[in-house]
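S.K.: The structure under discussion is supplied below as structure tokens; questions concerning it will follow.
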Amino acid sequence: MQELARSAFTFVRAGDAQALRQLLDAGLPLGLRNERGDSLLMLASYLGHEDVTRLLLERGADPERTNDGGQTPLAGAAFKGHLAIATLLLDRGARVDGAGPDGRTPLMFAAMFDKLEMVELLLQRGANPNHRSADGSTVLTAARSMGGTRVAARLEALASGQS
């Protein structure tokens with residue numbers, strides 16, 4: 001089983017949905033995790049492999065399953081700016097404001113890395129722009145602290161009532 005698991009993660013990293021499908025058809029469990037606690041879905045989402053993400057979701061992978069750092073697949077997709085992946089995850093039940101132990105939401109990750117299009121998607125899907133993380137940071141302060149100038153400007157406009 002260990003060799004199958006290693007192969008599964010290799011196929012996910014490569015974006016090889018067909019090879020992964022064969023392993024899943026042969027009984028590979030969806031709940032596998034790597035040494036960092038990343039699920040197959042977390043890794044596919046973070047890497048932006050849309051076909052693999054879709055396959056895993058269709059097979060019943062949990063879009064809310066966190067890694068050892070408390071991050072969800074949606075947080076990984078938001079951090080990297082993978083819009084299609086985020087849409088798939090949200091359509092399959094990922095919570096738009098799902099946060100890890102540190103209280104950071106996918107919107108905060110997108111804001112920190114100035115992923116404006118992702119911020120817009122998450123806001124359209126109901127993300128709370130006024131959320132505070134466990135340390136009291138807001139989405140706006142997270143954007144500013146990491147140099148997310150486009151997102152900071154958008155959030156400031158939103159706060160002042162401009163669309």
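Here, each number is a calculation from the coordinates, and none is a lab measurement. Just so it is clear, the structure is predicted and the values come from calculations on it, not from any experiment. Positions of Cβ are generated from backbone atoms using ideal geometry, with glycine treated the same way; all protein chains shown enter the neighbour counts.
S.K.: Identify which of the listed values of Rg/Rh (Cα atoms, Kirkwood Rh) was calculated from the structure shown: (i) 0.99; (ii) 1.07; (iii) 1.02.
M.R.: Here Rg/Rh (Cα atoms, Kirkwood Rh) agrees with entry (iii).
S.K.: Given charges of +1 on the Cβ of Lys and Arg and -1 on the Cβ of Asp and Glu, with all other atoms neutral, how large is the dipole of region 8-122 about its Cα centre, in debye to the nearest 20?
M.R.: In debye, rounded to 20, region 8-122 gives about 160.
S.K.: While we're looking at this one, here's another question. Shape of region 1-95 from its Cα gyration tensor (a ≥ b ≥ c, root eigenvalues): rounded if a/c is under 1.5, otherwise prolate when a/b > b/c, or oblate?
M.R.: Prolate, because a/c is 1.5 or more and a/b exceeds b/c.
S.K.: If you don't mind, there's one more thing I want to ask. Ranking His131, His49 by Cβ neighbours within 10 Å, fewest first, what do you get?
M.R.: His131, His49
S.K.: How many nm separate the modelled label positions at Ala153 and Arg95, each set 7 Å beyond the Cα in the direction of the Cβ?
M.R.: Here the modelled spin labels are 3.4 nm apart.
S.K.: Between the DSSP loop rule and a limit of at most 10 other Cβ atoms within 10 Å, which GluC sites (Glu not before Pro) in region 1-59 are left?
M.R.: Glu35
S.K.: Given Leu140, Gly161, Ala75, which one lies farthest toward the positive end of the charge dipole of the chain, if we put +1 on the Cβ of every Lys and Arg and -1 on the Cβ of every Asp and Glu?
M.R.: The Cα lying farthest towards the positive end belongs to Gly161.
S.K.: Neighbour counts of other C-beta atoms within 10 Å: give me Leu158, Leu32 arranged from fewest to most.
M.R.: If I rank by nearby Cβ atoms, fewest first, I get Leu158, Leu32.
S.K.: How big is the gap, in Å, between the Cα center of region 117-145 and the Cα center of region 63-108?
M.R.: 13
S.K.: Related question: What does the charge count near Glu120 come to, summing +1 for each Lys or Arg and -1 for each Asp or Glu among other residues with Cβ under 15 Å from its Cβ?
M.R.: For residues surrounding Glu120, the net value is +1.
S.K.: How far is it, in nm, from the label point at Asp16 to the one at Asp68 when both lie 7 Å from their Cα along the line to the Cβ?
M.R.: Simple spin-label model gives 2.6 nm for this pair.
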